[in-house]
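See below for the structure under consideration.
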Amino acid sequence: MSRPDGLPDFACPPLEEVVLGVQFSRHPQYDDSFAWEVWEAFRSEFPTFQQRPRLDPMFEVFGGSETMASFQFSIAQTEPSKRYWFVAQDDSHLLQFQDDRLLLNWRRRPGNDYPRYEAMSALFEKYLDQLKSLFYNRNRVELVIQQAEVAYINVIPLVERTNLGDWLRLVQPSSLNIEQLNAIFTEVVHSDKTPIARLHYEIGLLSSRELSRGMRLTLTYRGAPKGSKTQTIIEFLGVGRERIVNRFCDITTEEAHKIWQRKQ
C-alpha cells in the first residue's frame with residue numbers, strides 16, 4: 001500500500017496513538033486454550049502477556065435517523081472472556097485480542113517514531129491473516145468480520161499564551177479561554193447515498209505529570225465492511241484513514257498546521 005496522492009501530511013503530527021481493529025463472530029469452540037494458541041502465534045513479536053477487562057461489542061447501525069448513536073450491548077456470561085494484551089519489546093506496539101476482537105495499537109514512546117499508516121496497515125493485514133488461519137485450523141471455522149475500525153488519538157499541548165481557538169477551528173472567537181471541555185459528536189459517512197460508517201469525534205482537556213495542560217482529540221472511523229476478505233478489510237480501513245486525516249485538517253487551524261509542519 002502506498003500513500004494516497006494529495007493526502008495531507010505532517011512532519012511532526014501530534015499523534016499519540018493509532019489503532020486498527022476488527023470485531024468478529026465468536027468461535028463456537030472458543031476457550032482459554034484458544035487464547036493461548038493466539039498468543040503463541042504472535043509471541044515472537046509480542047513477548048509480554050497481560051490481562052485486561054473485555055471490550056463490549058460495538059455496532060454502527062443506521063436507519064430512522066442519521067444521528068442515531070452507536071448500538072452496543074453486552075451478554076452476561078458465567079465467566080466472561082477476558083481481553084489479552086500482547087506487548088512488543090519496545091512497548092510501542094500492542095496487539096489486543098479477545099473472543100470477538102483483534103486490535104493493533106501503536107503508542108508513542110521515547111525513541112520510537114510513528115512508523116506511518118502504510119507500515120501499520122501491512123502489519124495488521126499479516127496479523128489478521130494469522131488469526132484467520134488459527135480460526136480455520138479449529139474445526140474449519142471461518143472468521144466472520146462484523147465491524148472494522150481505525151482510530152487516531154492526538155494529544156495537543158496547550159502551551160503558554162495559547163487557547164483552544166489557536167488549534168481548533170470549532171472554537172471561535174480564538175480569544176475564548178475555555179477551562180473545561182468534553183465534546184463528543186459523530187458524522188455519518190455515505191457511499192452512493194448509502195450509510196457505510198460513522199466517524200466519531202472526541203475532544204477533551206487533559207493534564208498529566210508530563211503535560212500541565214493539553215487537549216486530546218480522537219477520531220474513530222467504524223462500520224461494517226462488505227465481507228470478511230482481508231483485502232476488503234484493509235481497503236475499508238484505508239478509506240477510514242483518509243477520512244480521518246482530511247477531517248483532522250478541516251477542524252484544526254492553519255497556524256497549528258505550521259507548527260506540525262504540514263507538507264501538503
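Note the full-extension length gain between Ile251 and Gln29 as 0.36 nm times their separation in residues minus their Cα-Cα distance, in nm to one decimal. If you can, show how the numbers build up before the last one.
Working: separation 222, 0.36 × 222 = 79.92 nm, distance 4.57 nm.
Here the answer is 75.3 nm.
Stretched out fully, how many nm does the piece from Ser133 to Leu211 gain, at 0.36 nm a residue minus the Cα gap?
Here the segment from Ser133 to Leu211 would lengthen by 23.8 nm.
Output the relative contact order of the chain, whole-number percent, from Cα pairs under 8 angstrom with separation of 6+ residues. The partial results should precede the final answer.
Values: 471 pairs, mean separation 66.3, N = 264.
Relative contact order for the chain comes out at 25 percent.
Once both axes come from the Cα atoms, what is the angle between helix 117-137 and the longest principal axis of the chain, in degrees from 0 to 90, rounded to 10?
It is inclined by approximately 20 degrees.
Taking springs between alpha-carbon atoms closer than 10 angstrom, which of Pro157, Pro110, Pro57 fluctuates most in the Gaussian network model of the chain?
Pro110
Tell me the angle of helix 230-251 to the major Cα principal axis of the chain, expressed in degrees between 0 and 90 and rounded to the nearest ten.
The answer is roughly 20 degrees.
Using a Förster radius of 41 Å, what is the FRET efficiency between Arg43 and Asn182 based on their Cβ-Cβ separation? Nearest 0.05, please. Let's see the in-between values first.
Values: r = 39 Å, r/R0 = 0.95.
Using R0 = 41 Å, I get an efficiency of 0.55.
Report, to the nearest 10°, how far helix 32-42 tilts away from the longest principal axis of the Cα atoms in the chain, using its own Cα long axis and a range of 0 to 90°.
60 degrees
Using a Gaussian network model of the chain whose springs link C-alpha atoms within less than 10 Å, name the residue from Gln51, Gln130, Gln180 with the highest mean-square fluctuation.
Looking only at Gln51, Gln130, Gln180, the biggest GNM fluctuation is shown by Gln180.
The list (1) 0.94; (2) 1.15; (3) 0.97 gives values of Rg/Rh (Cα atoms, Kirkwood Rh), and only one came from this structure; which label was calculated from it?
Computed from the coordinates, Rg/Rh (Cα atoms, Kirkwood Rh) corresponds to (3).
Summing +1 for each Lys or Arg and -1 for each Asp or Glu, what net charge is found among the other residues whose Cβ lies under 11 Å from the Cβ of Tyr84?
Taking every Cβ under 11 Å from that of Tyr84, the sum is +3.
Every read-out reported here was derived from the displayed coordinates using simple, explicitly stated rules and does not represent laboratory data. The structure presented is a predicted model; accordingly, all values stated were derived computationally and were not measured. We place every Cβ from the backbone using ideal geometry, glycine too, and count neighbours over all the protein chains shown.
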